[in-house]
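What follows is a single structure, written as structure tokens, with notes after it.
The values are calculated or read from the model by the stated rules, or taken from the named source; none is laboratory data. Computed from a predicted structure; not experimentally measured. Here the Cβ positions follow ideal geometry from the backbone for every residue, glycine too, while neighbour counts run over all protein chains shown.
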Amino acid sequence: MDLIRRLFSAALVAGVLSGTAVSVVQQATTVPLILEAEKYEVTVPPAPSPTAAPVASTLAPTATGHEHHGHATPERSLGEGVPATTEEALNRLLTTIAANLLTGVGYGLLLAGVMLLMGDRVDARRGLLWGAGGFIAFALAPAYGLPPELPGMGGADLEARQLWWFAAAACSAGGLLALAFARVPALVAAGVAAILLPHLIGAPHPETPAGAVPPELAARFVTASLGSAALFWAVLGSACGFMMSRFVAADDFRDAFE
Amino acid sequence: MTIRSLRSTAATTSRTAAAAFAAMLFGSFILYGVGFAQPQQIHDAAHDARHSFAFPCH
């Protein structure tokens, strides 16, 4: 079989495994908190007049129950409350699982590609170390500047946050690879600088925090999100390492950049 | 090392690098779709997964 097909197969298996594992854990940890937070979510932007405080309604807000001040239009459909029917709930569960599997396969392909490129042989145990690196780069480092958010939490401009998130993840991943594989001191120093840079620049935050979600809920969500990400990366890393050791021959590794 | 084995090593190396880059590129494409793309339907479908994985969502 072609190397590329074996590589993609290894990533696919690891991604499906980790995506499945994280789906189970999410339903018990993060998803209940997301549903809880949506009860507090303000679906209309706060009005400019000082008398109209943001409404933290306990039920899903309806168009008839609130003044809309003309310009305010709800921006989200899913964020407006807990699913009302079984069909809605099931649909939401299935799309979440699908998104988790895709996330697993996406990260799996990225991880398998970098493993092959670096040329060091991997197995399940070494894969676990790779998974730890992935967790630091793609979960811990971005969360250090932008804590995992619940629906309804106030945040800076979305594009700015996405850009910073991406920069933090990419710089941390590149920096960690340099720390692990570089043999030149200058490259190691550059790796450290790359890891620090996004945090020295600082993540975008709003001028005044204006979320309606109780801070206790948000705090619980941060640990739940990081915990499930840790599990995801542990499974993905070790599964990817194991599959690579079975699917991708030693020759393929030795030959990379020799 | 003979010229013959040098050539074959070079060919395998480029093949290995091509496979690795293809996987990384395709993986990034999938992750962009799941984590970053903003069309409403994609956003709604991936909503809970995005929040759980701490992608900036909305």
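Residues that are within 23 Å of A:G174 (Cα to Cα), assigned to a helix (DSSP H, G or I), of a type in the set (A, V, I, L, M, F, W, C) and at the interface with another protein chain (Cβ under 7 Å from one of its Cβ atoms) within region B:22-58 comprise B:A22, B:A23, B:M24, B:F26, B:I30, B:L31, B:V34, B:F36, listed in sequence order.
Listed here are the residues, each with its yes/no results for (1) more than 13 Å from chain B (Cβ to nearest Cβ); (2) within 21 Å of B:A22 (Cα to Cα); (3) modelled with pLDDT of 95 or more.
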position	(1), (2), (3)
A:N100	no, no, yes
A:V105	no, yes, yes
A:L128	yes, no, yes
A:I136	yes, no, yes
A:P142	no, no, yes
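Any chance region A:229-239 includes a residue that's among the small types (G, A, S) and under 30 Å from A:Y40 (Cβ atoms)? Checked against the condition, which is being among the small types (G, A, S) and under 30 Å from A:Y40 (Cβ atoms), region A:229-239 yields at least one hit. Against the test of being within 12 Å of chain B (Cβ to nearest Cβ), surrounded by 19 or more Cβ atoms within 10 Å (Cβ to Cβ) and more than 18 Å from A:L111 (Cα to Cα), the options A:W164, A:W233 yield a single qualifying residue, A:W164.
Residue by residue, here is whether (1) within 20 Å of the chain's Cα centre (by Cα); (2) closer than 18 Å to A:W164 by Cβ holds:
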| residue | (1), (2) |
| --- | --- |
| A:I195 | yes, yes |
| A:P198 | yes, yes |
| A:I201 | no, yes |
| A:P204 | yes, yes |
| A:P214 | no, no |
| A:R220 | yes, no |
| A:G227 | yes, no |
| A:G237 | yes, no |
| A:C240 | yes, no |
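One residue alone among A:L110, A:L150 is at pLDDT 95 or above, surrounded by 15 or more Cβ atoms within 10 Å (Cβ to Cβ) and either within 14 Å of chain B (Cβ to nearest Cβ) or in a loop (DSSP other than H, G, I, E, B) (or both), and that residue is A:L110.
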